[in-house]
Amino acid sequence: MLSLPAQVRIFAATDPVDFRKAHDGLVAIVRDCFRDDPFDGSLFVFFNKRRDRIKLLLWDRNGFWLHYKRLERGTFRSLRAQRGGKVKMDRADLSMLLEGIDLEKGKRRKHFTDGIRIHGRGSEREGHTSD
């Protein structure tokens, strides 16, 4: 299992990539097509045309990690195309994608931290909130 810190940004290519490309070829796609910095610690996700293979590219202080997964059966779900040929994902989306779970067909619950308000002492009586 791949474990990532919470602050890692994850971007997935919406267009297929030639899987003969290795580290340098994928870095060029990140730099030239995505207009991103491949050395900023973000994780970049690439699919082949048949969507049965995935590559993950990640800079780790002194070198690139290239993770590769080939499915024996089935395909990875399609991602909705966005401007720039990439889509931003979170760690849960990536994990479910790698496990074959389709978010479009399931119901996703809101995170328990959405919309929390912390009230100071006596602020409930006065109608004040401290966000």
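Estimated translational diffusion coefficient (Stokes-Einstein, Kirkwood radius over Cα pairs, 37 °C, 0.692 mPa s) of region 10-102: 246 µm² per second.
Were the residues from residue 7 through residue 80 laid out at 0.36 nm apart, the gain over their Cα-Cα distance would be 24.0 nm. Peptides 63-74, 19-30, 42-53, 3-14 ordered by packing proxy, namely the average of other Cβ atoms within 10 Å per residue, highest first: 42-53, 19-30, 3-14, 63-74. A simple spin-label model places the labels of residue 40 and residue 14 1.9 nm from each other, with each point 7 Å out along Cα-to-Cβ. Taking 0.36 nm per residue of sequence separation and removing the Cα-Cα distance, the residue 22/residue 95 pair yields an extension gain of 24.0 nm.
Every number in this text was worked out from the coordinates using simple rules, so none of it is lab data. Everything numeric in this text was worked out from a predicted model, so none of it was measured. Backbone-built Cβ (ideal geometry, glycine too); neighbour counts: all protein chains shown.
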